[in-house]
Amino acid sequence: QVQLVESGGGLVQPGGSLRLSCAASESIFSIYAMGWYRQPPGKQRELVAYISSAGNTNYADSVKGRFTISRDNAKNTVYLQMNSLKPEDTAVYYCNVGTVVTVATGKGGYWGQGTQVTVSS
């Protein structure tokens with residue numbers, strides 16, 4: 001079964017940066033869309049960004065201009081570069097891989113275990 005492993009989370013001060021990585025156990029990224037979701041404490045899960053198999057990207061309004069999603073198919077890895085972090089970005093971040101429809105809706109596809117991002121002074 002395909003496994004997704006997120007890494008790169010941690011504790012940073014407001015204004016700092018982190019880069020999250022999601023690595024797949026098999027060579028599937030070239031045909032699937034890839035996305036990042038997050039769940040802030042006490043709130044529902046929300047879509048952060050996704051990138052299609054053609055390289056088209058989509059971002060939530062709350063992260064536009066600060067976050068960048070990218071992929072490296074040769075390494076079966078998707079990244080989320082997070083700059084100018086705010087306390088409101090604190091959440092568990094999850095990787096999702098599947099069709100454009102499944103990634104855009106968060107329904108189905110493959111999911112990682114999540115990585116904690118905490119932004120606090």
- prompt: Just one of the numbered conditions (1) under 13 Å from residue 33 (Cα atoms); (2) modelled with pLDDT under 95; (3) outside any loop (DSSP other than H, G, I, E, B) is not true of residue 95; which one?
  reply: (2)
- line: Scanning the range 10-38 for residues that are surrounded by fewer than 15 Cβ atoms within 10 Å (Cβ to Cβ) and free of Cβ contacts under 8 Å to residues at least 60 places away in the same chain gives 25, 26, 27, 30, 31
message: Tally up the residues in the range 109-121 that are open to solvent by less than 70 Å² (accessible area, probe 1.4 Å), in a loop (DSSP other than H, G, I, E, B) and over 25 Å from residue 3 (Cβ atoms), please.
response: 1
message: Taking the conditions exactly as written (in contact with a Leu (Cβ under 8 Å, 6 or more places away or on another chain) and not polar (S, T, N, Q)), does residue 119 satisfy them or not?
response: yes
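Residue by residue, here is whether (1) within 12 Å of the chain's Cα centre (by Cα); (2) polar (S, T, N, Q); (3) farther than 30 Å from residue 121 by Cα holds:
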| site | (1), (2), (3) |
| --- | --- |
| 32 | no, no, yes |
| 41 | no, no, no |
| 67 | yes, no, no |
| 75 | no, no, yes |
| 85 | no, no, no |
| 111 | yes, no, yes |
statement: Over the range 98-108, the set of residues of a type in the set (Ser, Thr, Tyr), closer than 21 Å to residue 76 by Cβ and in a helix (DSSP H, G or I) is 102
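The values are calculated or read from the model by the stated rules, or taken from the named source; none is laboratory data. Just so you know, these numbers come straight off a predicted model, no measurement behind them. Because the Cβ atoms are built from the backbone with ideal geometry, glycine has one as well, and the counts that use them run over all protein chains shown. Ligands, DNA and RNA are stripped out before the accessible areas are found, and what is left, the full protein with its side chains, is counted by its heavy atoms. Shrake-Rupley method; radii C 1.70, N 1.55, O 1.52, S 1.80 Å.
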